[in-house]
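The values are calculated or read from the model by the stated rules, or taken from the named source; none is laboratory data. On a predicted model such as this, the values are computed, not experimentally measured, just so you know. Cβ placement follows ideal geometry from the backbone for every residue including glycine, while neighbour counts extend to all protein chains displayed. The accessibility values were calculated without ligands, DNA or RNA, using every heavy atom of the protein model including side chains. Shrake-Rupley method; radii C 1.70, N 1.55, O 1.52, S 1.80 Å.
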There are 4 protein chains.
Amino acid sequence: MSKIRVAVLGATGMIGQRFVQMLEDHPYFEIEGLYASERSCGKKLKDVLKVRDHVFKEETLGMGIEATDVKKIAKNSRAAFSGIPSDIAGRTESDLAKNGVAVFTNAGAHRMDRNVAILIPEVNPSHLNSVKDQDTYKNGGYIVTNANCSSTGIAPPLTAIRNAYGLDFVSVSTYQALSGAGYPGVPSLDAVGNVIPFISGEEEKIESELAKMLGTYEKGEFRYAKFVTLANCARVPVIDGHLESLVIRTDKIPSADELAETLRSYRGEPQTLKLPSAPEQPIIVRNEDNRPQPALDAMAGAPGRAKGMSVVVGRIRKSGEYHKLFVLSHNTIRGGAGGAVLNAEFAKAKGML
Amino acid sequence: MSKIRVAVLGATGMIGQRFVQMLEDHPYFEIEGLYASERSCGKKLKDVLKVRDHVFKEETLGMGIEATDVKKIAKNSRAAFSGIPSDIAGRTESDLAKNGVAVFTNAGAHRMDRNVAILIPEVNPSHLNSVKDQDTYKNGGYIVTNANCSSTGIAPPLTAIRNAYGLDFVSVSTYQALSGAGYPGVPSLDAVGNVIPFISGEEEKIESELAKMLGTYEKGEFRYAKFVTLANCARVPVIDGHLESLVIRTDKIPSADELAETLRSYRGEPQTLKLPSAPEQPIIVRNEDNRPQPALDAMAGAPGRAKGMSVVVGRIRKSGEYHKLFVLSHNTIRGGAGGAVLNAEFAKAKGML
Amino acid sequence: MSKIRVAVLGATGMIGQRFVQMLEDHPYFEIEGLYASERSCGKKLKDVLKVRDHVFKEETLGMGIEATDVKKIAKNSRAAFSGIPSDIAGRTESDLAKNGVAVFTNAGAHRMDRNVAILIPEVNPSHLNSVKDQDTYKNGGYIVTNANCSSTGIAPPLTAIRNAYGLDFVSVSTYQALSGAGYPGVPSLDAVGNVIPFISGEEEKIESELAKMLGTYEKGEFRYAKFVTLANCARVPVIDGHLESLVIRTDKIPSADELAETLRSYRGEPQTLKLPSAPEQPIIVRNEDNRPQPALDAMAGAPGRAKGMSVVVGRIRKSGEYHKLFVLSHNTIRGGAGGAVLNAEFAKAKGML
Amino acid sequence: MSKIRVAVLGATGMIGQRFVQMLEDHPYFEIEGLYASERSCGKKLKDVLKVRDHVFKEETLGMGIEATDVKKIAKNSRAAFSGIPSDIAGRTESDLAKNGVAVFTNAGAHRMDRNVAILIPEVNPSHLNSVKDQDTYKNGGYIVTNANCSSTGIAPPLTAIRNAYGLDFVSVSTYQALSGAGYPGVPSLDAVGNVIPFISGEEEKIESELAKMLGTYEKGEFRYAKFVTLANCARVPVIDGHLESLVIRTDKIPSADELAETLRSYRGEPQTLKLPSAPEQPIIVRNEDNRPQPALDAMAGAPGRAKGMSVVVGRIRKSGEYHKLFVLSHNTIRGGAGGAVLNAEFAKAKGML
């Protein structure tokens, strides 16, 4: 079976390069071209390397970067993975969809659009159907977004918990990694030895995206889930891995052990379908009293393709009618490129690619 | 007027050295001696220097360190400032009190004791009376504790808020500095580029200390305040300054601006008494969207003695019936040595020294 | 005596703000205005604050920033302190000199110019005379540059050593702080947990500036000193304070103790003249085996104005005909704004202001 | 062919765990047991995990740790890999050799011993013969040491250069990673935002080990190479990867390009023998102007077993009769466990295992 040809957009950025990493030797997809803005045109991937922890193959490093050209991409690729900055992604992605390209994007531009799913296949697989209601779908073009990097980490455990016990209240504080701001991102003079208690638009995204993802899609409409979400977001001097503290209140109140078991045993469609980038265990629960930690747990997941695709939960404590816990996820893999690649694998499994 | 002679205990540690810093040229107190464990005996302060941001006077740097000797301290000093590690502080502090020494301690050993106040003069000035009920008080010896460093930062704003609007619910997540773990404290391999979501006993301390401090002392008994407190504590790679995110619910629900004004205009007894280490404004409110930051705000307070003694609040946001805000305080000054020095100044103003 | 009115250029940058810090309450100078590029026009200093370790006065924080206007500055100020980025500083500084303004600049634009001294008053005080040969001097306008931040640290010890023993060979490796790159400067993704072994143009500057500063000015010409200088420059994740390792070979070969004593006892004209920003001891020698360290020693110098103005030397070791040592200096104070302020104080003492 | 059974000593430490990483699925060796001090006895590897960038297999994480027992190890294992701290390694390693165990150690205890090679197979393969002169060799027991982590990085390029052009003078300044100090190692309060210009004994080790390794072994005696080595060592806040700046003088003086080519094309016996942990290219030369960097280059080497085993050189500049360059190597892989594993592979290829 020949592989599906795909384009990587925003290939000079952190997320773009994670796409390249996730797509090296992918069983379904092969990279047709790397695209970025005009000014990177002519450079090779190795000239603009930002990913620090993956050893790329020499031939990958030697791939050239081209200026983004919708017609050319549409001609050569069935799908595109977009790591374009959110503020300029909207138009390009729409044009690609109009030209018959399936777009799997990490950008936020279309997340709250009418028939566009914010898809995490372990959380809201049925939302993929919304895509079929997009005007461009009949020509094969459509847009699937993944969630913001800080929403992504907490959505799977909150889904597992909501399914088992009902969910009423969520207070989340984030400890977000620098790679989430892209490159050049946060100046080092602000970052080293410091915490910045502000990430523009982030708290609003967590609150609205969770409600959309944990809601339903019926008769062409998204209906939002109804629980209180309160987010405080901060940037910490960590390279990769968003840590988040949670205080939640459920309808039924399990013991801490029951809650842990609910999370640990949770499985979604990607696990049933054995998708290439799906971790065996979407939510790993650690019992040590000082985990999860970005340095130790960001890369959790089965060795191989699913590295960085598991969410890690720890320090589950019951306090009265509330539970407290910490959640960690890799913000540029599960919460970035890896999330979009998994969405594409899921779309293929559903016959949409 | 001659100054009151004081001893500094635990003088080789981070808190001990902050005591020395706060007591240099103090208008009420003069350091009689620096004390630590046997093995530091004979060293000079400059041999064991840990404070990075204060230029000590040469004569201070040349002060010798002696082995802790209760009898000697009792003979030479009216009061002692204790930066002894909590796990070994209890006995020494009790012995000093029995020997007529007024002990102002940063250690946690006696915080939950029967007639021992956890004192922040802007929060619970009347609790100082509990000290007079200590058995040793009649001989001039007594123990006053300050709060844990992460309780200290949030207690003043929560007091101001409780007084104005009533307080029902507090969810706090901490971003705590490395200096809070003392020295050698956290290994650098764990700290650099990482967050550790666990500080032993810290969450319990926040929950119990807040209830005690915001409660009352009547007829020889502390009665605890009744509101829900839920704490998640984590260590971040910052040298000084504990940042904390708060979600609170009040009985009356003010606008964000009203809440800000309540905090900004809050004053306590130290301000009325114009104590040497009291900042003019105990709670500084910043309007910028990315403050408070440890690197920029830890040293807030009027220039001079009160540097590092103000709590800084920012990002006050109303969300339904909740408010969200960030609080920063200097963990080894206001939340450590400075807090105890202010307690001693307050005790002196009340005629207890 | 009324103070000399001065302008601060590049006031939104790190160096510009260090100028403001050094000029607060200065006995000779008072700030007439803060200038920067058009786009910062209308902002206040507190809106663009970058200095992390100084508590500015409220009135200073409230000073407005104006667009740089040579005519206006020339009308209102006798002198200007320039923290303009080197690549755009040249023209503005020349224009100011033509308009009768004495310019003390941290920018590199004019450093290698014909009659322009790279001045460190402890190193080459006689070079100030070169300034009198500038065409604009007759109208009171002239340019004095300070050395590059990494040249500044090693020039005083090398001068003391050259004077005493002759100097033949210098190999220097730098551990340079992030603030040396200005703001936004180095992206945090490159800086955190990393070292970057390249700073554009830096090695060439060290090699040429040292030769010029340690040379002579005779008959309108600079003659360069003749010794080998080999520089390797790298950026480390430190906020302030350039550390540099040195291997040197002298003509006469002293013991390590003799060399230490030569450095410790070195004094220059600023010390004789008791200039306000001159440290009592321009070179501090530390005997501990693990000093100097940026975190502990960058702020060395007498308390007060000269904080950050001393160079700190440590780990002096003799090895055959070579000596090895480490040198630390504060890159934005002694190696930046403080150096230029000291130059202005020195010019005033010489009757040139 | 059955695998050779080996023991890992010091398995709770950073180096010990790198041994485990390098030995997972090794084609020659299989781990018979993990050993450490009494107090870790009964723990599992996952309880004491320190390696941050490797995903261990579940069965590896579940391996138990036993108290070090020479008799037991001698009974069960043909060889031992020692990550025991240098100050306590000497006796245990001697005892193992006496009991017939081949010891490949990262500890410094025996490095300068009479018939003990400091072996880097790309540098001094013939030194392995010295081992045959050890008294215990006839019983199959012997000790092979690898070089100190900071000597290891520079030895291969200096060997290549010496072979081609002769070598006269080496000045090296190190930027050493925190993992080199083991665990807990450097306190975070000393490390974050700081550089420490001292590592006990390190400069002496570089100077003596280089002379021994680049010398010869003849008639039972090591003869030391004769060139000047001057080392300045410092610790920087980097997790893994020692960067080193070099100034060298050769007898014949090549152009920078010639020197680069000499390094790039260098191959040693491990390459000829295609040993499992030998990188295809022992010295990688990078042409970018800002490489090598610890964050990007520490893991250099062919993907797979040799990850972290290449030395990376960059910024080769000729300056008069000197050359300047930067060298990077992974201090706990090539300069630690990986070096010892390669030594064992080499010994096996030579029929000594």
Please calculate how many Å² of accessible area region B:21-106 carries per residue, with a 1.4 Å probe and no DNA, RNA or ligand atoms counted. 45
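How high is the relative contact order of chain B, given as a whole-number percent (alpha carbon pairs under 8 Å, six or more residues apart)?
Normalised by residue count, the contact order of chain B is 17 percent.
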Dipole moment magnitude, nearest 20 debye, region C:244-331 about Cα centre, only Lys, Arg, Asp, Glu C-beta charged: 140
What is the sum of charges, Lys and Arg at +1 and Asp and Glu at -1, for the other residues whose Cβ falls under 13 Å from the Cβ of C:ALA234? -2
Listed residues B:ILE161, A:ILE316, A:ILE88 arranged by accessible area, highest first, probe 1.4 Å: A:ILE88, A:ILE316, B:ILE161
Choice from C:ARG291, C:ARG264, C:ARG91 showing the highest fluctuation, given a GNM over chain C with Cα pairs closer than 10 Å: C:ARG91
Shielded by partner chains, region D:307-325 residues - at least 10 Å² of accessible area, 1.4 Å probe, vs chain alone: D:LYS307, D:ARG315, D:ARG317, D:SER319, D:TYR322, D:LYS324
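Could you size up the charge dipole of chain D around its Cα centre, putting +1 on the beta carbon of Lys and Arg and -1 on that of Asp and Glu, and report it in debye to the nearest 20?
540
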Share antiparallel - DSSP beta bridges, chain A, percent rounded to 5: 45
With axes computed from alpha carbons, what is the tilt in degrees of helix B:202-213 against the longest principal axis of chain B, rounded to the nearest 10 within 0 to 90? 90
Tell me, what is the percent relative contact order of region A:149-330, built from C-alpha pairs under 8 Å that lie six or more residues apart? 26
Among the DSSP beta bridges whose two residues both lie in region A:149-330, what percent are antiparallel, rounded to the nearest 5? 70
What are the lysines whose alpha-carbon lies under 17 Å from the alpha-carbon of D:LYS226, with same-chain residues fewer than 8 places away excluded? D:LYS205, D:LYS212, D:LYS252
Name the residue, out of D:SER151, D:SER277, D:SER200, whose mean-square fluctuation peaks in a Gaussian network model built on chain D with Cα pairs under 10 Å. D:SER200
Beyond 25 Å between alpha-carbons counts as too far, so tell me which of C:LYS138/C:LYS350; A:LYS219/B:LYS324; D:LYS43/D:LYS71; B:LYS71/B:LYS219; B:LYS72/B:LYS138 fall in that bin. A:LYS219/B:LYS324; B:LYS71/B:LYS219
With the crude spin-label approximation of a point 7 Å out along Cα→Cβ, what separation in nm comes out for D:LYS44 versus B:ASN163? 5.4
Helix B:338-349 axis, angle to chain B major axis (alpha carbon atoms, nearest 10°): 80
Compactness ratio of chain D: Cα Rg over 2.2 N^0.38 Å, N = residue count? 0.94
Among C:GLY153, C:ILE284, C:LEU167, whose Cα sits farthest toward the positive end of the charge dipole of region C:149-330 (+1 at Cβ of Lys/Arg, -1 at Cβ of Asp/Glu, about the Cα centre)? C:ILE284
How big is the C-A contact in terms of buried accessible area, both chains counted, 1.4 Å probe, rounded to the nearest 100 Å²? 1500
Give the accessible area for C:TYR224 in Å² (nearest 10); use a 1.4 Å probe, count only protein heavy atoms, and leave out ligands, DNA and RNA. 100
Highest mean packing first, using Cβ neighbours within 10 angstrom, the peptides A:232-240, D:79-87 sort as A:232-240, D:79-87
How far is helix B:14-23 tilted off the main Cα axis of chain B, in degrees rounded to 10, range 0 to 90? 80
Can you find, among A:ALA89, A:ASN129, A:GLY13, the residue farthest towards the positive end of the dipole of region A:1-147? Put +1 on the C-beta of Lys and Arg, -1 on that of Asp and Glu. A:ALA89
Given charges at Cβ of Lys, Arg, Asp, Glu: region B:204-353 dipole, positive-most of B:PRO294, B:THR229, B:VAL341: B:VAL341
Of all the C-alpha pairs in region A:39-81, what % are more than 15 Å from each other? 53
Set the Förster distance to 56 Å, then compute FRET efficiency between B:GLU221 and C:GLU30 from the Cβ-Cβ distance, nearest 0.05. 0.40
Using θ = phi - 60° and the Karplus curve 6.51 cos²θ - 1.76 cosθ + 1.60, what whole-Hz ³J(HN,Hα) does each residue of region C:78-85 get, with Gly and Pro shown as x? 7, 9, 9, 9, 10, x, 5, x
Only Cα pairs within less than 10 Å get springs; with that Gaussian network setup on chain B, which residue of B:LYS205, B:LYS44, B:LYS72 has the largest fluctuation? B:LYS72
Losing no less than 30 Å² of accessible area (probe 1.4 Å) relative to the isolated chain, the residues of region B:189-234 are B:LEU189, B:ASP190, B:VAL192, B:GLY193, B:ASN194, B:VAL195, B:PRO197, B:PHE198, B:GLU203, B:LEU230, B:ASN232
Within-12-Å neighbourhood charge of A:THR105 [Cβ basis; K, R +1; D, E -1]: -1
Along each principal axis, Cα extent of region B:149-330, largest first, Å: 46, 40, 34
What a careful reader reports for the chain C Cβ nearest the rotation axis onto chain A, distance rounded to whole angstrom, is C:SER188, 2
Global size of region A:3-70 as Cα Rg and Dmax, reported in angstrom: 11.0, 32
Using a 1.4 Å probe and ignoring any ligands, DNA or RNA, find the accessible area of B:HIS127 and quote it in Å² to the nearest 10. 0
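When Rg is the radius of gyration of the Cα atoms in the protein assembly as shown and Rh is its Kirkwood radius, what does Rg/Rh come to?
Taking Rg over the Kirkwood Rh, I get 0.96.
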Pop out the ³J(HN,Hα) list for region C:191-196 in order, Karplus 6.51 cos²θ - 1.76 cosθ + 1.60 with θ = phi - 60°, rounded to Hz; leave Gly and Pro as x. 8, 5, x, 8, 10, 10
Label model pair C:SER200, D:ARG5: point-to-point distance (7 angstrom along the Cα→beta-carbon line) in nm is 6.1
Can you give me the accessible area per residue for region A:149-330, using a 1.4 Å probe, in Å²? 31
Please give the calculated 222 nm ellipticity per residue for chain B, where each DSSP H segment of at least 4 residues contributes -39500 (n - 2.57) and the sum is spread over every residue; nearest 500 deg cm²/dmol? -7500 deg cm²/dmol
Label-point separation in nm, A:ASN99 to C:ARG264, each point 7 Å along Cα→Cβ: 7.4
Share of carbon and sulfur in the accessible heavy-atom surface of region D:149-330 [1.4 Å probe, %]: 48
With +1 on the Cβ of every Lys and Arg and -1 on the Cβ of every Asp and Glu, and nothing else charged, how large is the dipole of region B:149-330 about its Cα centre, in debye rounded to the nearest 20? 320
